[in-house]
Amino acid sequence: MAKRNIIKEPNEILRKRSKGVTEFDTRLHQLLDDLRDTMQSAAGVGIAGVQVGILYRVCLVNTEDKGIIELVNPVIIKATGKKSGEEGCLSVPGHHGMLARPTKVTVRAQDRNGKFFEHTFVDRSAVCVCHELDHLDGVLFVDRLG
Ligand code: CO
């Protein structure tokens, strides 16, 4: 396991769309382990592969109830509610902004071994999962500010 460098704006990699994961191998597991170390050492609540320069559809969300959840190829299948809150990003240091996000988000994803699962994120974790999924499409929270 290792901490990787976090890519910061305006690096153009952050604007790229990540590709789906097809191999659930030791390289993927290493990436997920490294993302965990990198997120924790930066005291982040979420992180996406693109933030360490790896354009795969993977991200981590640190939830209040279930700890860190690894999401591979995540897709939002249901989103309800709307609430405005302050948001920041490890790739946009020193910047925060008020953004409206859903309050309850159900995601279908695969785990590190390729097994499909669904998880419902609420409140702060719902914001975080929306933010991380945006990263997979090359979108930063600052792009959503009015
Ligand atoms: Co971010």
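When residue 32 is tested against the conditions (1) within 15 Å of the chain's Cα centre (by Cα); (2) closer than 25 Å to residue 142 by Cα, the lone failure is (2). Summed over the stretch 108-126, the residues that are within 20 Å of residue 17 (Cα to Cα) and surrounded by 17 or more Cβ atoms within 10 Å (Cβ to Cβ) give a count of 2.
Got a sec? Which of 27, 57, 15, 36 is under 14 Å from residue 129 (Cβ atoms) and of a type in the set (D, E, K, R)? Criteria check complete, one pass: 57. Given the structure, is residue 127 within 23 Å of residue 6 (Cα to Cα) and within 16 Å of the chain's Cα centre (by Cα)? So residue 127 fits the description; yes. Being closer than 15 Å to residue 58 by Cα and within 16 Å of the ligand (Cβ to nearest atom) is a condition met by at least one residue of the stretch 110-129. Would you confirm whether or not the stretch 84-107 contains a residue that is away from the ligand (no atom under 14 Å from the Cβ) and open to solvent by less than 10 Å² (accessible area, probe 1.4 Å)? Yes, the conditions are met somewhere in the stretch 84-107. A single entry from 86, 23, 9 fulfils the requirement of being in contact (Cβ under 8 Å) with a residue 40 or more places away in the chain and of a type outside the set (Val, Ile, Thr): 9.
Of 13, 47, which residue is within 15 Å of the ligand (Cβ to nearest atom), among the β-branched types (Val, Ile, Thr) and open to solvent by 20 Å² or more (accessible area, probe 1.4 Å)? Of 13, 47, the one residue that is within 15 Å of the ligand (Cβ to nearest atom), among the β-branched types (Val, Ile, Thr) and open to solvent by 20 Å² or more (accessible area, probe 1.4 Å) is 13.
The values are calculated or read from the model by the stated rules, or taken from the named source; none is laboratory data. The structure displayed is predicted, hence computed values, not measured ones. Note that each Cβ is placed from the backbone with ideal geometry, even for glycine, and that neighbours are counted across all protein chains shown. All accessible areas refer to the heavy atoms of the entire protein, side chains included, with ligands and DNA or RNA removed. Shrake-Rupley method; radii C 1.70, N 1.55, O 1.52, S 1.80 Å.
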